[in-house]
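Visitor: Starting off with a structure, shown below.
The values are calculated or read from the model by the stated rules, or taken from the named source; none is laboratory data. All of these numbers come straight from a predicted model, not from anything done at the bench. Positions of Cβ are backbone-derived with ideal geometry, glycine not excepted, and every protein chain shown enters the neighbour counts.
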Amino acid sequence: MASKSIFVVAIDFGTSYSGYCFSLASGTDQIRQVYWGVEHRLKTPKTPTCILFNQKQEFRKFGYNAVMKYKSLPSSEADNWYFFQNFKMQLYNTLRPETLAHLHTPASPTSVHSKQVRVHQDLQGEHDTYREEEKLQATISSTMSFSEAEVQSARGAWEKIYVDAEDNGATVLVRMFTEHPDTKSYFSHFKGMDSAEEMKQSDQVRGHGKKVFSAINDMVQHLDNSEAFLGIVNPLGKKHATQLKIDPKNFRIICDIILQLMEEKFGGDCKASFEKVTNEICTHLNNVYKESDQKSDLTIAELFTEDWEIKDHE
């Protein structure tokens, strides 16, 4: 009699890349990483978030396989297929089918999303030896979600500290440099400042602290609009990852100090109201770093040239 095994599966449904890891529920410390693209002479922990359906809206290919299959279709035949690329953003803020019109399909966003999740679950079954009676428990890393009450509460908490953005921003940076001296190495113009008081009075430190607070303020104003929120976070993350080469742990350090300062000045309720925001900011910034790292490692530039962009179905 086959033994019953329960698997825990974590699905990372990203805008550009997706993937999953899994483990036995009885051994969650032994995480199994799935690699993609081996059949295309690749081996990456994630695969492009692309999915391909035939003319009957039946699933056919996902990830690298979807890219390669769609790329190989003659133009005359491609008109009968539906290719989705980076479609995650269309799931934010609206679930109306017409928002996917430019992707040439009558399918609803939720049906496409559910089919992708089903694909991940099916593929997981192919990668283990306990297929007969297994049960899957999937945790999907996907959409940012704030209730209206959470948005209002977070904005109220943020307004209290943002009203004095220059002073509070400087305080946050000074604490970071003092408590985590290694972080100062990313700011060449701050290296000569030794005392906390000298840093606090520095126009450069105060100016950068205000800049940090202004960036967070832009995000806070778009907590109820995920597309706009990510439109701020993603370029910021890419700049810090690829140009400035900042260690992503600094984002968590800054956010933790902001929460600490909120609690000191305005109490625990203020901190609690804003904690979810800092978690979302750090999570999305870290995701940008992961995608940037993966893009630099992949040797698949030829897959993303103009000759395979979604063909117009006229």
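Visitor: Go through the range 209-236 and count every residue that is among the charged types (D, E, K, R), part of a helix (DSSP H, G or I) and closer than 17 Å to Ala157 by Cβ.
Guide: Of the residues in the range 209-236, the ones among the charged types (D, E, K, R) are 210-211, 218, 224, 227.
Now narrow it down to the ones that are part of a helix (DSSP H, G or I): 210-211, 218, 227.
Right, trim to closer than 17 Å to Ala157 by Cβ and you get 218.
Total meeting the criteria: 1.
Visitor: Separate question: Any residue that is buried (at least 20 other Cβ atoms within 10 Å of the Cβ), in the same structural domain as Leu259 (by TED's automatic domain parsing), in contact with a Ser or Thr (Cβ under 7 Å, 6 or more places away or on another chain) and not β-branched (Val, Ile, Thr) - is there at least one of those in the range 157-169?
Guide: Looking for residues that are buried (at least 20 other Cβ atoms within 10 Å of the Cβ), in the same structural domain as Leu259 (by TED's automatic domain parsing), in contact with a Ser or Thr (Cβ under 7 Å, 6 or more places away or on another chain) and not β-branched (Val, Ile, Thr), one finds at least one in the range 157-169, hence yes.
Visitor: Hey, another quick one. Given the condition touching a helix residue (DSSP H, G or I) at 6+ places or on another chain (Cβ under 8 Å), at pLDDT below 80 and not assigned by TED's automatic domain parsing to the domain that holds Tyr289, answer yes or no: does some residue in the range 39-51 qualify?
Guide: no
Visitor: Still on this structure: Counting only residues that are without any contact (Cβ under 8 Å) to a residue 24 or more places away in the chain and part of a strand (DSSP E or B), which one in the range 25-70 is farthest from the chain's Cα centre (by Cα)?
Guide: Arg60
Yes/no per residue for (1) closer than 21 Å to Ala272 by Cβ; (2) at pLDDT 95 or above; (3) of a type in the set (S, T, N, Q):
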position	(1), (2), (3)
Lys160	yes, yes, no
Glu166	no, yes, no
Lys184	no, no, no
Phe190	no, no, no
Asp194	no, no, no
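Visitor: Something else now. Filter the range 227-246 for residues that are closer than 17 Å to Val212 by Cβ and without any contact (Cβ under 8 Å) to a residue 24 or more places away in the chain; which is surrounded by the fewest Cβ atoms within 10 Å (Cβ to Cβ)?
Guide: Going through the qualifying residues, I end up with Gln243.
Visitor: Then there is this: May I ask you to list the residues in the range 154-187 that are outside any helix (DSSP H, G or I) and closer than 19 Å to Ser202 by Cβ?
Guide: Going residue by residue through the range 154-187, those that are outside any helix (DSSP H, G or I) are 163-164, 180, 187.
Scanning the range 154-187 gives Asp164, His180, Phe187.
Visitor: Which residues, counting only those in the range 188-208, are part of a helix (DSSP H, G or I) and of a type in the set (Asp, Glu)?
Guide: Just the residues of the range 188-208 that are part of a helix (DSSP H, G or I), to begin with: 188-190, 196-201, 203-208.
Glu197, Glu198, Asp203, listed by residue number.
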